[in-house]
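Let me begin by presenting the structure, written as structure tokens, before commenting on it.
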Amino acid sequence: MMLAYLATLVSYGPLASRFTRVETGVLVVDLILLFVLGAVAIWADRAWPMALAALQLDTVGVHVARMLDLEMIRITYALMLAMWSYPMLVLLVAGTWRHARRCRRNGGDISWCQEELH
């Protein structure tokens, strides 16, 4: 998520025309992050990575909405892109905190993708 944030910063169009059309570079970063979070969510045995991927899907949906509504106000597009990042950070912090709590309580935590041997 940190790499996606940094990549997003360098992916924006010129300031004068920023958010007047679909931010293609940001869309590419958001699609890559969606793929990564989706893969993690599929392998994880926790619920919060799936919620994280779902929120990222909402972010990609904002780009689609912008493609479909050429009259969308710039600030609306910008705010709709940014608003999903806050609950994503809350989920990441909560998941990390719960993991740390389990490690303190149990002396460790079971791997997300640990498979049983038959």
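The values are calculated or read from the model by the stated rules, or taken from the named source; none is laboratory data. Just so we're clear, the structure is a prediction, and the values are computed from it rather than from any experiment. No Cβ is skipped: glycine too gets one built from the backbone with ideal geometry, and neighbour counts run over all protein chains shown.
Yes/no per residue for (1) within 12 Å of the chain's Cα centre (by Cα); (2) exposed (fewer than 15 other Cβ atoms within 10 Å of the Cβ):
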| site | (1), (2) |
| --- | --- |
| Ala4 | yes, no |
| Ser17 | no, yes |
| Glu23 | no, no |
| Leu37 | yes, no |
| Thr59 | yes, no |
| Val64 | no, yes |
| Leu79 | no, yes |
| Ser85 | yes, no |
| Leu91 | yes, no |
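Of the residues Leu37, Leu15, which is among the hydrophobic types (A, V, I, L, M, F, W, C) and modelled with pLDDT of 95 or more?
On the way: Leu15 fails: modelled with pLDDT of 95 or more.
It is Leu37.
Condition first: in contact (Cβ under 8 Å) with a residue 12 or more places away in the chain and either among the hydrophobic types (A, V, I, L, M, F, W, C) or surrounded by 18 or more Cβ atoms within 10 Å (Cβ to Cβ) (or both). Now tell me which residues in the stretch 39-57 satisfy that.
Val40, Ala41, Trp43, Ala44, Trp48, Pro49, Ala51, Leu52, Ala53, Leu55, Gln56, Leu57, listed by residue number.
Tell me the residue from Arg46, Arg66, Arg74 that is of a type in the set (Lys, Arg) and closer than 21 Å to Ala7 by Cβ, please.
Answer to the check: Arg66.
If you check Gly95 against the conditions, is it modelled with pLDDT under 95, over 14 Å from Val26 (Cα atoms) and not in a helix (DSSP H, G or I)?
The answer is no for Gly95.
Please go through the stretch 8-51 and give me each residue that is assigned to a loop (DSSP other than H, G, I, E, B), of a type outside the set (Gly, Ala, Ser) and under 26 Å from Leu68 (Cβ atoms), ordered by number.
Tyr12, Pro14, Arg18, Phe19, Thr20, Arg21, Val22, Glu23
Which ones in the stretch 25-34 are under 21 Å from Met72 (Cα atoms) and either at pLDDT below 95 or surrounded by 16 or more Cβ atoms within 10 Å (Cβ to Cβ) (or both)?
Within the stretch 25-34, Val26, Leu27, Asp30 qualify.
If you scan the stretch 93-114, which residues turn out to be in contact with an Asp or Glu (Cβ under 8 Å, 6 or more places away or on another chain) and surrounded by 12 or more Cβ atoms within 10 Å (Cβ to Cβ)?
His99, Arg102, Trp112
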